[in-house]
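Heads up: the structure comes next, in structure tokens.
Here, each number is a calculation from the coordinates, and none is a lab measurement. Everything numeric here is computed off the predicted structure, so don't read it as measured data. Cβ placement follows ideal geometry from the backbone for every residue including glycine, while neighbour counts extend to all protein chains displayed.
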Amino acid sequence: MSQSLTLSHPTGKLNGSIKLPASKSEANRALIIAALSGQESQLHNLSEANDTQLLQRLLQSDAETIDAEDAGTVMRFLTAYYAVTGQKKTLTGTDRMCQRPIKILVEALRKLGANIDYLGEEGYPPLKINGFTGTGQKHLKVRSDISSQYISALLMIAPLLPEGLELELEGKIGSRPYIEMTLSLMQHFGVRADFSGNTISVKPQKYTCAAFTVESDWSAASYWYSLVALANEAEITLLGLKEQSFQGDRAIADIMYRLGVYTEFTAEGVRLLKKEHERHISLDFSDCPDLAQTVVALCAGIGVTVDMTGLESLRIKETDRIQALQIEVLSMNSSLREVTPGVFRLEPDILQKKQLSFRTYQDHRMAMAFAPLALLQPVEIQEPGVVRKSYPRFWEDLEKVGFEIKYKI
Ligand SMILES: O=C(O)C1=C[C@@H](OP(=O)(O)O)[C@@H](O)[C@H](O)C1
Ligand SMILES: C=C(OP(=O)(O)O)C(=O)O
């Protein structure tokens with residue numbers, strides 16, 4: 001795997017049609033639900049993202065030790081899946097995965113009757129899942145301000161529990177659209193739930209067999225919006241995106257309207273065109289945390305000041321994304337500071353005409369968020385292979401619209 005690549009674009013003009021990868025969030029829910037249904041499923045357009053390829057392989061594996069690598073959904077969804085299906089497994093992941101908390105999910109599963117031990121530090125993977133003796137408990141209180149993935153994991157197994165499940169969400173509901181995506185996918189496969197106030201109720205039910213085609217990934221689309229915003233001239237079509245999507249990251253269309261990109265929905269996807277951008281904006285990322293890096297890197301490039309809230313969960317993702325962003329925007333003369341508790345301000349400055357080099361912190365989104373800046377000046381991206389987590393063809397797709405890439409081994 002190459003250690004770095006340098007990226008440049010000879011004209012700054014972008015034109016073309018891109019087939020985006022499919023959403024790993026949708027695909028991984030569909031895979032878990034299909035496995036829980038116990039029936040042959042017809043899932044189409046499963047993502048080429050490593051997170052999805054990995055889950056597919058692991059669901060077919062009868063190994064005792066299961067490596068979820070760096071995939072949060074794989075770790076959290078499989079913990080609940082193995083528990084409820086009574087499979088005895090050791091579940092581990094990368095060093096970083098073993099620093100990403102899982103206590104809220106493990107505690108909830110224990111209350112439902114799962115026997116789970118921590119093999120390392122209490123509250124973190126690796127885990128040993130030893131079996132399941134249903135307690136018949138129906139009502140659970142679960143904190144919803146750390147990661148929605150715990151809630152999605154519990155919801156997907158809920159119809160298989162003898163009494164079903166009533167989940168009372170405590171605190172702010174972070175990443176809420178991902179919970180709604182879970183409920184929509186469950187409904188697609190025949191399971192009804194009720195989400196009223198802060199309680200989600202699921203009665204015991206059976207998943208039914210249904211065909212499902214995974215949509216293109218709106219999070220991946222965000223990097224193309226950034227490219228269009230930074231280009232001298234651009235007309236880009238992104239295939240397979242839908243206006244009515246299960247994905248909360250479709251919010252990028254509205255965010256980018258303010259940052260210089262007009263979205264036209266067509267029968268084949270979206271057409272992106274350039275427009276004027278605002279100079280100072282405020283955004284709340286509570287519903288769409290994966291878009292924050294795209295916006296920060298772009299705004300540092302085009303000189304837009306942004307006040308951001310809802311970034312709490314960024315500290316426990318593939319890396320501490322707030323810290324990684326703070327370090328990397330510094331090399332662009334910009335600053336990212338917490339101005340009052342919970343409010344982060346990106347203040348950009350004039351970019352010097354020198355080659356920029358960005359570290360990626362084993363985080364695919366750091367690589368893809370900073371790459372579009374190559375439309376302003378040559379950019380080096382370190383450890384570019386990280387993109388395989390969600391968008392393995394990212395660099396090839398950039399070449400299709402005229403980027404020149406030199407790989408250094
Ligand atoms: O459920 C999902 O598919 C995801 C939920 C979000 O995580 P959190 O709920 O931890 O914020 C998101 O950041 C992640 O990329 C995918
Ligand atoms: C946070 C992410 O993924 P996960 O939590 O599933 O590892 C992501 O893809 O940005």
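A few comments on the model shown:
- C-alpha center-to-center spacing [the stretch 134-161, the stretch 179-197] in angstrom: 13 Å
- If only the Cβ of Lys and Arg carry +1 and only the Cβ of Asp and Glu carry -1, the dipole of the chain around its Cα centre is close to 240 debye.
- Cross-link reach list, aspartates and glutamates versus Lys141, counting only Cα pairs under 17 Å and skipping chain neighbours closer than eight places: Glu107, Glu163, Glu166, Glu168, Glu170, Asp194
- Potential lengthening of the chain between Ser357 and Arg315 amounts to 12.9 nm, from the contour at 0.36 nm per residue minus the alpha-carbon distance.
- Within the listed set Glu215, Glu383, Glu40, the Gaussian network model of the chain (springs between alpha-carbon atoms below 10 Å) gives the highest mean-square fluctuation for Glu40.
- Normalising by residue count, the chain has a Cα convex hull of 131 Å³ per residue.
- Sites listed here are trypsin sites (Lys or Arg not before Pro) in the stretch 74-119 whose DSSP assignment is loop and whose Cβ has at most 14 other Cβ atoms within 10 Å: Lys88.
- Toward the positive end of the charge dipole of the chain, with +1 on the Cβ of Lys and Arg and -1 on the Cβ of Asp and Glu, the farthest Cα among Gly240, Gly16, Val270 is that of Gly240.
- Of all DSSP-defined beta bridges confined to the chain, some 60% are antiparallel rather than parallel.
- Relative contact order of the chain, pairs being alpha-carbon contacts under 8 Å that are 6 or more residues apart, as %: 21 percent
- For the stretch 215-283, the relative contact order works out to 35 percent when only alpha carbon pairs closer than 8 Å and six or more residues apart are counted.
- Within a straight-line Cα-Cα reach of under 17 Å, Lys275 can be paired with the following aspartates and glutamates, leaving aside sequence neighbours fewer than 8 residues apart in one chain: Glu233, Glu235, Asp254, Glu264.
- Which listed pairs, of Lys88/Lys128; Lys24/Lys203; Lys103/Lys317; Lys19/Lys242, have C-alpha distances above 18 Å, in listed order: Lys24/Lys203
- Charge dipole magnitude, Cβ of K and R +1, D and E -1 - the stretch 203-359, Cα centre, debye nearest 20: 220 debye
- Estimated [θ] at 222 nm from DSSP helical runs (n ≥ 4, -39500 (n - 2.57)) normalised by residues in the chain, nearest 500: -9000 deg cm²/dmol
- Shape of the stretch 24-213, Cα gyration tensor, a/c cut at 1.5: rounded
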